[in-house]
Structures are given as structure tokens and as C-alpha cells.
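Before any comments, here is the structure.
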Amino acid sequence: MKYVTWFFGLIAIVIAVVVGTILIRNIVNDNNSTTQKASTTKQVVSQIKEGTALRLLVEGPVIADEKHQSMQIDITSTSRTVTLFKTYNRVEFKKSTYTNNQKAFEAFAQALDRAGYTSVNSEVESTKYAGECALGRVYHLEVLQSSKVTQDLWTTSCSTTRSFGGNMATVLTLFKNQIPNYLEATTGSTVAR
């Protein structure tokens, strides 16, 4: 009887060690998978020169062509523009433009740097986003030099893989705050809110 008790005690200890090891491994793996591995390309501020534009493009959900909308906000050292589009061919239906200046542009760029505007999620092997977050929104974060795209990162409103590794909520707010009457300028848009 003494050996049977000892045997069951040993089995209980082995089971406890195995279960404990599995739990610890799962906790460590969960922490690693929720932490984005991000690397940063050149900071926005270091890329600013004549002809630089910073762009946010918001694509709406995958729906009928007639109902699909997107929104683009372009910020340069001389202007701030919000453009609303309908259909997948991006037919412009509303546009508002405001003046800007170099100091305001540099302040905006510095704020974007702090929000990780150029942070790349290094876990993403491909920059393809087609079909991601079909019922939500896809956000493109672009840097343009003389109309040529030098950065095109993306993220979504869904919990999907993405190439952007920064803080999207902050970036979105910074872009919206560049348009003085944002709500009025985006009236009629289904993706601007």
C-alpha cells in the first residue's frame, strides 16, 4: 500500500510538471505573438525635401462598386487636401484644399515619426493586402517624393496581418486634425468617420 501511494504521488508530480510546462510555454508564446516586431525605415523628418507628400488613403469595405468609397488626405509643405472618392475606380466626388507652411509640415512629420509612421511590421513577408479585412477598412500610409511613392505601408480596422507597425489610432487622428473642418469636409463619406 505504501508503494501504491508513493507511485500515485509520483504520477501526480509528473502530471503537474507537464501541465505547468505547457501553461508556461503558452503564456510565453502568447506574449511573443501579440508583440509586434517592428523595424523603422528612414524617419519622415529625414525624408522631407521639396516635393514630399505624406498620404493617408482609407479604402472602405468590399461592397458593390456603386457603393464603394475611399478617402485620401495629402499633406505637403504648401497644402492639405482631403479627397473623397466613389467606386473602385476612385471617381472624385468631393475635395477640400487648405494652405500649409513648412513649419507646420515639419511639426506634423515629427508627430508622425513619434507615432511610428514608418515602422514596418517585420513579421509580414508580403505587402499584399488584397482581401484583407473585406468588411472593414484598409489604411495605406504613403510617403511620396515628387509624386513617386517611396513608402506604402498598410493596416486594417480588423485584426489581420499588416505591414504597418506603428500606432494607427494616433496616425489617423493626426491626419484628421490637419483638416480644420474635417466633419464638414467629409460629409457624404462612409469611410471618413
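Would you say A185 is within 13 Å of E59 (Cα to Cα) and open to solvent by less than 40 Å² (accessible area, probe 1.4 Å)? For A185, the condition - within 13 Å of E59 (Cα to Cα) and open to solvent by less than 40 Å² (accessible area, probe 1.4 Å) - is not met. Would it be correct to say that T97 is in contact with a strand residue (DSSP E or B) (Cβ under 6 Å, 6 or more places away or on another chain), open to solvent by less than 60 Å² (accessible area, probe 1.4 Å) and at pLDDT 90 or above? It is false that T97 is in contact with a strand residue (DSSP E or B) (Cβ under 6 Å, 6 or more places away or on another chain), open to solvent by less than 60 Å² (accessible area, probe 1.4 Å) and at pLDDT 90 or above. In the set (1) in a loop (DSSP other than H, G, I, E, B); (2) out of contact with any strand residue (DSSP E or B) (no Cβ under 6 Å at 6 or more places or on another chain); (3) open to solvent by less than 60 Å² (accessible area, probe 1.4 Å), the condition left unmet by Y88 is number (3). Taken over segment 132-174, the criterion of being in contact (Cβ under 8 Å) with a residue 60 or more places away in the chain and open to solvent by 60 Å² or more (accessible area, probe 1.4 Å) is satisfied by L135, S146, S147, T150.
Give segment 63-85 a look and list any residue that's β-branched (V, I, T) and outside any strand (DSSP E or B), or say none. If the condition is that a residue be β-branched (V, I, T) and outside any strand (DSSP E or B), then I63, T76, T78 are the ones that fit. Picking from residues in segment 35-58 that are at pLDDT 70 or above and part of a loop (DSSP other than H, G, I, E, B), the one that is most open to solvent (accessible area, probe 1.4 Å) is E50.
The values are calculated or read from the model by the stated rules, or taken from the named source; none is laboratory data. The structure presented is a predicted model; accordingly, all values stated were derived computationally and were not measured. FYI the Cβ positions are ideal-geometry reconstructions off the backbone, even for glycines, and counts take in every protein chain you see. Keep in mind that these areas ignore ligands, DNA and RNA; they rest on the heavy atoms of the full protein, side chains included. Shrake-Rupley method; radii C 1.70, N 1.55, O 1.52, S 1.80 Å.
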